[in-house]
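> First the structure, then my questions, so here it is.
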Amino acid sequence: MSELTISDLKVGYKKNEVIHGLNLHVGSGERVALLGANGAGKSTVLKTISGLLTPSEGSIQFNGDEIGGISPAGIVDLGIVHVPEGRRVFPALNVEDNLKVANYRKGPESLAEGFEAAYAAFPILEERRKQPAGLLSGGQQQMLSLARAIIAKPKFLLIDEMSLGLAPLLVKEFYQTLDSLFSSEISLLLVEQNAGMALAHCSRFYVIRNGDLVLEGNSEDYRDDPTKLQPAYLGQ
């Protein structure tokens, strides 16, 4: 079971509140999109779930247990893995060492299995395994970021702006890879500005604007015309 429930969540930076009483639920094995314009607070929500930020109020429960305020290492131990915006690879480390970082709480047997799965998904990474990650292209760095998630063996996956800065064809390939890499048993909360792509790969969605939840619904009701979400994005 990998179920996440957020209740009345408030989060801020210093004295500025960014998230104002958010309620959100991701069922076990469910794929849910968190949508909104730039600066809406989407990344703040993921950072709070993954322990990088501490809630000022409210609750974050994973499988019925409160996790708000737990350290990032503790969150990873629970099986929650965060693929951050901007890929965030370690540029001076080679590809192989970047992947080893994701295995730091597991043993060598798990790492060997992880390498096999990661390189099968992204053969170019095996070819470049001794190359510094900072010398990879943007698309290859995104591959590396996803490969680290494979090695971490998540129960619940947080992905932040996977399509950012990538060509449309590459974005489509990444989403196809995402579907094949992670089984239906793994829950997913996906932050994405490309609403059409997010709706195509998630069953439900939430839209937030300026830290407030303004719309939620079933993806199938909007897939044919994602522009119907624009009023929620823009406050019209």
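> Given LYS10/LYS153; LYS47/LYS153; LYS42/LYS228; LYS14/LYS155; LYS14/LYS100; LYS14/LYS153, which pairs have Cα atoms separated by over 26 Å?
LYS10/LYS153; LYS14/LYS155; LYS14/LYS100; LYS14/LYS153
> Can I ask one more? May I ask which residue of ALA195, SER180, SER219 lies farthest towards the positive end of the charge dipole of segment 143-221, with charges of +1 (Lys, Arg) and -1 (Asp, Glu) on Cβ and the Cα centre as origin?
Value computed over the given set: SER180.
> Residue-wise, which Karplus ³J(HN,Hα) couplings in Hz belong to segment 125-139, taking 6.51 cos²θ - 1.76 cosθ + 1.60, θ = phi - 60°, and x for glycine or proline?
Each residue of segment 125-139 in turn: 5, 5, 5, 9, 4, 9, 8, x, 4, x, 8, 6, 5, x, x Hz.
> Something else: What relative contact order, as a whole-number percentage, does the chain give when Cα pairs under 8 Å and 6 or more residues apart are counted?
RCO, the chain: 27 percent.
> Out of the total accessible area of segment 1-70 (probe 1.4 Å, heavy atoms of protein only), what percent is carbon and sulfur?
The computed percentage sits at 45.
> So what is the diffusion coefficient of the chain in µm² per second by Stokes-Einstein at 37 °C and 0.692 mPa s, using a Kirkwood Rh over Cα pairs?
Estimated via Stokes-Einstein, D reaches 181 µm²/s.
> OK, next. What's the FRET efficiency of ASP97 with LEU169 using the Cβ-Cβ distance as r and R₀ = 22 Å, to the nearest 0.05?
According to the calculation, E is roughly 0.15.
> Averaged per residue, what accessible surface does the chain expose to a 1.4 Å probe, in Å²?
46
> Using a Cα-Cα cut-off of under 12 Å, which aspartates and glutamates could be cross-linked to LYS106, ignoring same-chain neighbours fewer than 8 residues away?
Qualifying aspartates and glutamates at Cα under 12 Å: ASP77.
> On to the next question. Can you check what the net charge comes to around GLY36, using other residues whose Cβ is under 11 Å from the Cβ of GLY36 (Lys, Arg +1; Asp, Glu -1)?
Around GLY36, the surrounding residues sum to 0.
> Can you tell me the convex hull volume per residue for segment 148-236, based on C-alpha atoms, in Å³ to the nearest whole number? List each step's numbers first, then the result.
Values: hull volume 10.5 nm³, N = 89.
Convex hull of Cα atoms, per residue: 118 Å³.
> State the three equivalent ellipsoid semi-axes of segment 101-217, derived from the C-alpha gyration tensor as the square roots of 5 times its eigenvalues, in descending order and whole Å.
Equivalent-ellipsoid dimensions as semi-axes: 27, 17, 13 Å.
> Sticking with this one: Report, for segment 120-236, the % of DSSP beta bridges that are antiparallel, rounded to 5.
55
> Determine the dipole magnitude for the chain: charges of +1 sit on the beta-carbon of Lys and Arg, -1 on that of Asp and Glu, nothing else is charged, the reference point is the Cα centre, and the result goes in debye to the nearest 20.
Numbers: 22 positive and 28 negative charges, 142 e Å.
Its charge dipole is roughly 680 debye.
> Can you say what percent of the DSSP beta bridges in the chain, counting only those with both residues inside, are antiparallel? Round to 5.
Restricted to the chain, the bridges split so that about 55 percent are antiparallel.
> Further question: Collect residues whose amide H, placed 1.01 Å from N in the peptide plane, falls under 5 Å from the amide H of VAL83; neighbours closer than 5 in sequence don't count.
Long-range HN contacts for VAL83: LEU158, ILE159, ASP160.
> Explain nothing, just compute: Karplus ³J(HN,Hα) = 6.51 cos²θ - 1.76 cosθ + 1.60, θ = phi - 60°, for every residue of segment 223-230 in order, whole Hz, x for Gly and Pro.
These are the phi-based 3J(HN,Hα) values: 4, 5, 8, x, 5, 5, 7, 4 Hz.
> What distance in nm separates the simple spin-label points at THR54 and LYS10, each placed 7 Å from Cα in the Cβ direction?
Once both label points are built, they end up 1.6 nm from each other.
The values are calculated or read from the model by the stated rules, or taken from the named source; none is laboratory data. Because the structure is predicted, anything quoted here is derived from the model rather than measured. Backbone-built Cβ (ideal geometry, glycine too); neighbour counts: all protein chains shown. For the accessible areas, the whole protein counts, side chains as well, though only heavy atoms, and no ligand, DNA or RNA atoms are used. Shrake-Rupley method; radii C 1.70, N 1.55, O 1.52, S 1.80 Å.
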